[in-house]
Amino acid sequence: MKKSVRLLPFYARFAHILFIIIALIAICYAGQGILSPILLSLLFAILLRPVAAFLNEKLKIPNVISCLMAVFVFVVFFAEIFNFITYQVADMADDWDKIKSNLHNHYSNLQSYVQDTFQLSKREQDKMVSKATSGSMETGKSVMGSTLASFTDSLMNMILIPIYTFLILLYRTHFLKFLCKLFEPKHHPKLEDILNTIKTSVQSYIRGLLFEFAIVSVLTALGLMIIGVKYAILLGVITGLLNLIPYIGILIAGVLTVAASLTGNSDLTILIGILVVNVVVQFVDNNVLVPIVVSSKVEINSIASIVGIIIGGAIAGISGMFLAIPLMAILKVIFDRIESLEPWGYLLGDDLPKTFFLKRPRKSEPNG
């Protein structure tokens, strides 16, 4: 049977692979509400495994209590960040009237500029704005509905993810034995190598993300303090968190920072300063932190990362975008160690020289 499968023509094998990929994407899309919290819990369990092992093996604490303590520390860490953001946002809400006043001043200044430049009266501008936003009410209702549903799902995940993480840590040995039963004993060394590599890669990647979050938060907060933005620490933490969401996160953080700057004054130089701070922090993040701290841990090339993030976002939204890179790293580890799947691992990988200029290919290497 195996020989007949190998003798299939390329187009037949490609059709099989394409069908499997489409089926997997359809399953992930249909079951995203179930799969997303489980996969997130799996990543967090891999991250917390050394903590639970230290408590269990070094301090001789029973396994159940060790797993529970590891998850408890994890939950407390994020709960403190959430509480800090909540209290600061509540204080910011007290400045809502000032934000509206400064926003109105900016809008008036913009209208005056348009009137002087394009000879459009403020009344004509108001008509154009009113016409452009005529359908905003229906859009707003749909957005509110989707936001409420998203908030409900997020609240449910906040309860389920710690429970799943604890159970995965607790039944870790049980799951490993299950995997061993799926394969013949002669394949167990390769299985062990795959699992150990996945564990190391995921732990390094998530630790890198946490380090990136801390550095981006500190740099953003310091920059906003220097230019005199109110709630600089809060905005720095929010920027660091949103920066974990590829591409769109930093844009949302920039909009929030601009809105928060209106609590102080309506000076346009503050807005320019915020833009400069965001550009500098993103330059440091993209050219220093991401290549050294994050990308070096997973060895996924840039185009595969972008495509994976887009597909993950289309399937499961923000959680899908966050899961895309570690899941691709896990797939690459598996592909690299299975001979028939090795070309796909190479496709996901990044073998470019770590220099600004590509080396001249050797004579034995095909030219691109």
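The values are calculated or read from the model by the stated rules, or taken from the named source; none is laboratory data. Being a predicted model, the structure only gives us computed values, none of them experimental. Methodologically, a virtual Cβ is constructed for each residue, glycine included, from the backbone with ideal geometry; neighbour enumeration extends over all protein chains shown. The protein model used for the area step is the full one, side chains on, heavy atoms only, and it has no ligands, DNA or RNA in it. Shrake-Rupley method; radii C 1.70, N 1.55, O 1.52, S 1.80 Å.
Considered as a group, the residues in region 210-230 that are surrounded by 21 or more Cβ atoms within 10 Å (Cβ to Cβ) and free of Cβ contacts under 8 Å to residues at least 40 places away in the same chain include one that is farthest from ILE292 (Cα to Cα), and that residue is ALA221. Whether a residue is modelled with pLDDT of 90 or more, open to solvent by less than 30 Å² (accessible area, probe 1.4 Å) and either assigned to a helix (DSSP H, G or I) or closer than 20 Å to VAL202 by Cβ (or both) was assessed, and LEU43 passes this test.
From the residues in region 58-96 that are closer than 23 Å to SER201 by Cα and without any contact (Cβ under 8 Å) to a residue 12 or more places away in the chain, which one is surrounded by the most Cβ atoms within 10 Å (Cβ to Cβ)? In this case the residue turns out to be PHE78.
I'd like the residue in region 195-209 that is under 22 Å from VAL307 (Cβ atoms) and of a type outside the set (Ser, Thr, Tyr) and, out of all such residues, is surrounded by the most Cβ atoms within 10 Å (Cβ to Cβ). Let's see the steps before the verdict.
Filtering region 195-209 for residues under 22 Å from VAL307 (Cβ atoms) gives 198, 201-202, 205-206, 208-209.
Then drop every residue that is not of a type outside the set (Ser, Thr, Tyr), which leaves 198, 202, 206, 208-209.
Numbers: ILE198: 18, VAL202: 24, ILE206: 18, GLY208: 19, LEU209: 20.
It comes out as VAL202.
Going through ILE330, ILE300, ILE325 one at a time, which residue ends up being open to solvent by less than 50 Å² (accessible area, probe 1.4 Å) and outside any helix (DSSP H, G or I)? Lay out the reasoning, then the answer.
Working: ILE330 fails: outside any helix (DSSP H, G or I); ILE325 fails: outside any helix (DSSP H, G or I).
Answer to the selection: ILE300.
When region 171-198 is limited to residues that are farther than 30 Å from ILE250 by Cβ and touching a residue at least 24 places away in the same chain (Cβ under 8 Å), the one that is nearest to the chain's Cα centre (by Cα) turns out to be THR197. What about ILE233, is it open to solvent by 50 Å² or more (accessible area, probe 1.4 Å), modelled with pLDDT under 80 and over 23 Å from LEU43 (Cα atoms)? No; evaluated as a whole, the condition is false for this residue. Cβ-Cβ distances below 9 Å connect the following pairs, each with a first residue in region 316-333 that is in contact (Cβ under 8 Å) with a residue 60 or more places away in the chain and closer than 11 Å to SER305 by Cα, a second residue that is among the basic types (Lys, Arg) and in a helix (DSSP H, G or I), and a separation of six or more residues or different chains: ALA329/LYS297.
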